[in-house]
1. Test ALA353 against the criterion of being assigned to a helix (DSSP H, G or I) and within 16 Å of the chain's Cα centre (by Cα), and give yes or no.
2. Return a yes/no flag: does segment 140-157 have any residue that is at pLDDT 85 or above and not assigned by TED's automatic domain parsing to the domain that holds GLY272.
3. Quick one: would you say LEU239 is touching a residue at least 40 places away in the same chain (Cβ under 8 Å), assigned by TED's automatic domain parsing to the domain that holds GLY325 and under 30 Å from PHE313 (Cβ atoms)?
4. Among the residues of segment 1-41, how many are without any contact (Cβ under 8 Å) to a residue 24 or more places away in the chain and not aromatic (Phe, Trp, Tyr)?
5. Can you find a residue in segment 376-385 that is outside the structural domain of GLU51 (by TED's automatic domain parsing), assigned to a helix (DSSP H, G or I) and within 15 Å of the chain's Cα centre (by Cα)?
6. I'm trying to understand the selection: among the residues of segment 364-392, which are crowded, with 22+ Cβ neighbours inside 10 Å and modelled with pLDDT under 85?
7. Evaluate the following for GLY279: is it touching a residue at least 24 places away in the same chain (Cβ under 8 Å), in the same structural domain as ASN360 (by TED's automatic domain parsing), of a type outside the set (A, V, I, L, M, F, W, C) and not in a helix (DSSP H, G or I)?
8. Return only the number of the condition from (1) in contact with a Leu (Cβ under 7 Å, 6 or more places away or on another chain); (2) of a type outside the set (S, T, N, Q); (3) at pLDDT below 85; (4) in a helix (DSSP H, G or I) that PHE235 does not satisfy.
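The values are calculated or read from the model by the stated rules, or taken from the named source; none is laboratory data. These figures come from a predicted structure and were not determined experimentally. We place every Cβ from the backbone using ideal geometry, glycine too, and count neighbours over all the protein chains shown.
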Amino acid sequence: MNPEASRVWRGPHWMLAALLACLSMLGPFSIDTYLPAFTGIAASLGATPVEMQQTLSAYLLGFAVMNLFHGALADSFGRRPVVLGGLALFTLASVGCALSQSIGMLVFFRAVQGMSAGAGMVVSRAIIRDLFRPDQAQKVMSQVTIYFGVAPAIAPIIGGFLFVHAGWHAIFWFLVGVGVVLGLTMWRMLPESLHPTQVQRFHARPLLQGYAQMAGSPVFIALALASGVPFNGMFLYVLSAPVFLGEHLQLGPTQFFWFFMATIGGIMAGAGWSGRLAGQLPPQRQIRRGFRIMGTVSVANVLLNLWLPPSPFWAIPVLALFAFGWALMVPVVTLMLLDRVPERRGMASSLQACLGSVANALVAGLIAPLVMHSTVALAVSSLLMLGLGLASWAWVQPRLGVPPA
């Protein structure tokens, strides 16, 4: 923690949380806003469905790779320069996307977007721990999660509206505007939270040694799995939304909104409760409570899909409850992970984000296409992902000095 933290940020905690949430929202906004225009972009550029999928894969690859470096750069050159540099590069890449005249150009600039969009998410976690002691950090992290939950709900609506009324280029010009507004706002309001005594030298050898140390730590990897893999149990349904909602639940495109609102509502409610429990309930008990909720819901989800025909009246609330349990525990696990290497929190956040991005890409490219055509397969896959996260937490508890549940 920065020893001069009280002087670095004098405003209310919710205001800083809102700023950091805006940075974290850039990643999902970059994905979800242009998804409604997939067919329109393909028709305009003469691209095949496989080539259009490459625009998403290139983004996710760039996002995952650069997540390894954002935090390390922030540990060496400061949080503020990395955030502002990332926003500037994102804005330029968005201009390139808007002006693209071929699918190759769009794939290239989408990769650059991905490389820059993760800077805010990675660095914002380190800023929180720079400025706040653990119980305060949990509250702020929970507030960030609440605000962050708005992005996936509104991004497809904005993208669909722009596509229908102004064409697909307007979506990327909108992202240009988002980059400019965020850049100016952060330049004016975001403080530098890294204390001079905590600056790390940026050299390749110490950087690689740091990553090797973290990647070789079973406790660090287990915490990353405990926080990230259960999310994929929910993200699987988001990736499968066109088939799951349209074919299985028989919902029209204008009714997809209810699914996203329910899951985002669950995330916001869980994060809000997590913030209220900070300092009142031991962190390990809060984590176990979140896993119990997700476990109960996941088992019920499998049984309901075996016994009942698919219906939005029970399927959507079940997923909202799963999202609630995940958001209840993830801020606490994330802080535990960052505190494993207090001198390199930026690097730790980078590695966590990279592992999460790789997991998301695997689910999107391999698992979702295999299971999306069966509601039972979706439910079982979600349960298995939760099981991996729960097993990771059960393994790591005694090694953190946490008594078993």
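1. yes
2. The answer is no, given that none of the residues of segment 140-157 is at pLDDT 85 or above and not assigned by TED's automatic domain parsing to the domain that holds GLY272.
3. Criteria met by LEU239.
4. Adding up the residues that qualify gives 7.
5. no
6. Hit for segment 364-392 is ALA368, nothing else.
7. yes
8. (1)
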